[in-house]
Amino acid sequence: MPHQTLTRAAVAEHNTPDSLWCIIDHRVYDLTDFADAHPGGSVVLEQVAGTDATETFYNLHRQAILQKYASLSIGVLEGETPEVIVPQPGDLCPVPYAEPLWLRPEFKSPYYNDSYWRLQKALRVFVDTHVYPEAQERERDGKYISQELIDRMAAENMLGLRLGPGKHLHGKILPGDVRGEEFDYLHDLIQAQEFNRANARGFQDGNMAGMVISLTAILQWMGDEGVKQRVAEEVLSGRKKVCLAITEAFAGSDVAGLRTTATKTEDGKYYVVSGTKKWITNGMFCDYFVTGCKTEKGFSVILVPRGEGVDTRLIKTAYSTAAGTAFVEFKNVKVPVENLLGEEHKGFAVIMSNFNHERFMMVCAVVRGSRTVVEECLKWCNQRIVFGKKLIEQPAIRQKLARMISHVEANQAWLEQIAYQMNNMSYAQQAKSLGGPIGLLKSYSTRSAHEIADDAVNIFGGRGLTQTGMGKVIEGFHRGYKFDAILGGTEEILADLGVRQAMKGFPKSML
Ligand code: HEM
């Protein structure tokens with residue numbers, strides 16, 4: 001049917017199952033053929049046939065549904081204009097607190113300049129257009145990220161920028177025309193937060209999280225320049241994938257308790273690696289494993305390529321299998337000694353140097369995820385009518401929202417403060433002075449996520465426990481925030497690290 005201008009009186013005549021029209025936000029929809037396929041059933045549609053169903057519709061659906069089913073619209077009402085905002089790729093969200101302060105036009109920030117804005121805008125368009133749709137699909141079907149998306153990210157230098165600032169970006173032009181040389185930890189914060197907007201915790205880890213926490217170690221510690229250049233080129237071009245294989249069934253945060261061994265062959269040319277690794281993010285589809293091993297006089301980190309003797313099995317965790325979480329078995333795997341990272345028996349330095357950036361990334365993501373939950377709650381509370389009133393009109397609900405908003409804003413402010421300090425410190429200074437604060441922030445931000453997830457589920461009720469529909473973001477966050485509380489160091493260990501590091505600088509004169 002051609003798009004037309006209609007009157008309310010004309011719509012009112014189509015009030016039977018054989019000709020079922022209704023009005024939503026000043027547009028007319030012909031639901032006659034759709035009614036039987038409607039997930040909410042045909043009866044409810046028949047009840048509103050021929051009428052304006054705007055209020056009922058928005059009590060149960062988001063605008064995105066109308067965009068998906070736009071073909072059902074047959075016209076607009078004469079002299080009326082649709083009111084609901086239809087977001088376009090790259091748009092900032094006008095819901096209060098849905099964006100960090102620096103992205104809201106009425107606020108100023110001491111940290112951000114034009115280069116950050118350009119990066120943010122370019123990444124948002126990219127994530128909205130390419131990452132979000134695939135993330136939602138993969139989160140549902142549990143399959144791994146497509147090579148097409150990896151290639152697209154590689155072509156735009158997006159794989160490299162996710163490792164954080166460094167020489168690997170020099171000479172490159174990044175999204176938003178940002179030069180690789182100017183990319184710093186505030187840019188890094190932005191990229192982590194923008195990618196998080198794909199809103200799919202399992203997929204997010206499946207989207208090369210293994211690379212983010214392991215290629216950094218290769219770039220910094222691989223002694224053999226030839227191996228380093230080859231692997232970096234393969235991974236940053238998206239042709240090969242790499243992951244970090246440290247944790248085992250025997251030991252998680254307690255790295256000293258690991259049992260995988262690497263023994264040198266008599267001719268000194270190879271290591272023979274044997275043992276198991278557990279919870280290895282991206283392990284299912286990786287070509288390389290940056291592996292923590294016990295060696296004769298200590299602990300060493302070795303790059304193990306997939307090949308004979310390497311076996312990976314899928315671990316089904318609380319989030320989507322899109323993350324490719326693996327149980328890895330190494331059975332007498334022969335690896336050239338050139339694949340050693342850092343010094344033999346001194347692998348702790350390799351692992352430790354990586355932790356700060358990994359934890360910083362995780363905080364960026366969990367704070368952004370928490371903010372999205374706040375946005376969802378604010379929308380829902382303004383939309384949902386209970387006992388004849390919008391939810392937002394209930395003081396008890398506003399108390400919850402106030403707590404949630406405060407957690408998010410406090411964590412974001414602390415995070416930006418830390419990113420600024422990172423920009424003004426060498427890597428060694430960061431390790432000395434920021435390991436503790438980053439540990440405290442990660443620990444605190446996941447405690448905040450715990451509070452936020454809990455309040456959000458209570459606000460959404462049954463929908464907060466349902467994997468489809470209005471509460472799906474809340475359900476996913478509630479199921480997934482614990483990954484941030486455990487991975488990269490548990491809340492307790494990191495809180496303890498924060499206090500112990502502070503005590504190292506406690507002045508004796510104060511005793
Ligand atoms: C263009 C018109 C409509 C379309 C395209 C549409 C589409 C949908 C979709 C896709 C869902 C599943 C929600 C999800 O899982 O995300 C749904 C659920 C539902 N819809 Fe509609 N709908 C339309 C109009 C209406 C109207 C006018 C009513 C009420 C009179 C209604 C009542 C419901 C109900 C009760 C549910 C189940 C909600 C729940 O389980 O929480 N729908 N609809």
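The values are calculated or read from the model by the stated rules, or taken from the named source; none is laboratory data. The structure presented is a predicted model; accordingly, all values stated were derived computationally and were not measured. Positions of Cβ are backbone-derived with ideal geometry, glycine not excepted, and every protein chain shown enters the neighbour counts.
Residue by residue through the range 300-325, note down the ones that are free of Cβ contacts under 8 Å to residues at least 40 places away in the same chain, hydrophobic (A, V, I, L, M, F, W, C) and in contact with a Lys or Arg (Cβ under 9 Å, 6 or more places away or on another chain).
Listed by number, the residues that qualify are VAL310, ILE315.
Report every pair of residues separated by at least 6 positions or lying on different chains whose Cβ atoms are under 8 Å apart, first residue within the range 466-480 and closer than 18 Å to LYS68 by Cβ, second within 13 Å of the ligand (Cβ to nearest atom) and among the polar types (S, T, N, Q).
Pairs found: LYS472/THR466.
Please go through the range 397-441 and give me each residue that is outside any helix (DSSP H, G or I) and closer than 18 Å to LYS504 by Cα, ordered by number.
Result: LEU434, single match.
Looking at the range 281-307, which of the residues that are assigned to a strand (DSSP E or B) and among the aromatic types (Phe, Trp, Tyr) is farthest from GLU358 (Cα to Cα)? Let's see the steps before the verdict.
Going residue by residue through the range 281-307, those that are assigned to a strand (DSSP E or B) are 288-295, 298-305.
Add one more test, that the residue is among the aromatic types (Phe, Trp, Tyr), and what stays is 288-289, 299.
Details: TYR288: 19, PHE289: 17, PHE299: 20 Å.
So the residue we want is PHE299.
Please work out if ILE24 is within 35 Å of the chain's Cα centre (by Cα), over 30 Å from ALA122 (Cα atoms), β-branched (Val, Ile, Thr) and modelled with pLDDT of 95 or more. Before the answer, list the steps.
On the way: within 35 Å of the chain's Cα centre (by Cα): yes; over 30 Å from ALA122 (Cα atoms): yes; β-branched (Val, Ile, Thr): yes; modelled with pLDDT of 95 or more: yes.
Yes; evaluated as a whole, the condition is true for this residue.
Across the range 337-357, what is the number of residues that are over 20 Å from LYS432 (Cβ atoms) and either among the polar types (S, T, N, Q) or in a helix (DSSP H, G or I) (or both)?
3
In the range 1-54, which residues are within 10 Å of the ligand (Cβ to nearest atom) and part of a helix (DSSP H, G or I)?
Those that are within 10 Å of the ligand (Cβ to nearest atom) and part of a helix (DSSP H, G or I): ALA35, ALA37, VAL43, VAL44, LEU45, GLU46, GLN47, THR54.
Could you check, for the range 96-110, whether at least one of its residues is without any contact (Cβ under 8 Å) to a residue 24 or more places away in the chain, in a helix (DSSP H, G or I) and within 9 Å of the ligand (Cβ to nearest atom)?
No - not one qualifying residue is present in the range 96-110.
Of everything in the range 55-83 that's within 28 Å of the chain's Cα centre (by Cα), assigned to a loop (DSSP other than H, G, I, E, B) and farther than 17 Å from HIS3 by Cα, which residue is farthest from the ligand (Cβ to nearest atom)?
Ranking the qualifying residues of the range 55-83, first place goes to ARG62.
When you look at ALA502, is it over 17 Å from the mean Cα position of the chain (by Cα), closer than 25 Å to CYS364 by Cβ, aliphatic (A, V, I, L, M) and not in a loop (DSSP other than H, G, I, E, B), yes or no? I'd like the intermediate steps shown before the answer.
Values: over 17 Å from the mean Cα position of the chain (by Cα): yes; closer than 25 Å to CYS364 by Cβ: yes; aliphatic (A, V, I, L, M): yes; not in a loop (DSSP other than H, G, I, E, B): yes.
Against the criterion (over 17 Å from the mean Cα position of the chain (by Cα), closer than 25 Å to CYS364 by Cβ, aliphatic (A, V, I, L, M) and not in a loop (DSSP other than H, G, I, E, B)), ALA502 qualifies.
For the range 375-399, which residues satisfy the criterion of being under 21 Å from GLY469 (Cβ atoms) and of a type in the set (Lys, Arg)? Walk me through how you get there before you give the answer.
In the first step, residues of the range 375-399 are kept if they are under 21 Å from GLY469 (Cβ atoms); the result is 375-386, 390-392, 397.
Passing the criteria: LYS379, ARG384, LYS390.
List pairs: first in the range 399-424 and outside the structural domain of TYR116 (by TED's automatic domain parsing), second surrounded by fewer than 15 Cβ atoms within 10 Å (Cβ to Cβ) and not in a helix (DSSP H, G or I), Cβ under 7 Å, 6+ apart or cross-chain?
Every condition considered, the pairs that remain are GLU416/TYR111; TYR420/TYR111.
Within the range 382-396, track down each residue that is among the polar types (S, T, N, Q) and either part of a helix (DSSP H, G or I) or within 23 Å of the chain's Cα centre (by Cα) (or both). Show your work before the answer.
From the range 382-396, those among the polar types (S, T, N, Q) are 382-383, 394; that's our starting set.
ASN382, GLN383 - these are the residues of the range 382-396 that are among the polar types (S, T, N, Q) and either part of a helix (DSSP H, G or I) or within 23 Å of the chain's Cα centre (by Cα) (or both).
So which residues in the range 460-489 are part of a helix (DSSP H, G or I) and within 15 Å of the ligand (Cβ to nearest atom), if there are any at all? Outline the logic, then answer.
Restricting attention to the range 460-489, the residues satisfying the condition of being part of a helix (DSSP H, G or I) are 460-465, 472-486.
Answer for the range 460-489, where residues must be part of a helix (DSSP H, G or I) and within 15 Å of the ligand (Cβ to nearest atom): PHE460, GLY461, GLY462, ARG463, GLY464, LEU465, LYS472, VAL473, ILE474, GLU475, GLY476.
Residue-by-condition table, conditions (1) over 27 Å from GLY283 (Cβ atoms); (2) touching a strand residue (DSSP E or B) at 6+ places or on another chain (Cβ under 9 Å); (3) among the hydrophobic types (A, V, I, L, M, F, W, C):
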| position | (1), (2), (3) |
| --- | --- |
| GLU99 | yes, no, no |
| LYS108 | yes, no, no |
| TYR112 | yes, no, no |
| LYS143 | no, no, no |
| LEU149 | no, no, yes |
| ALA155 | no, no, yes |
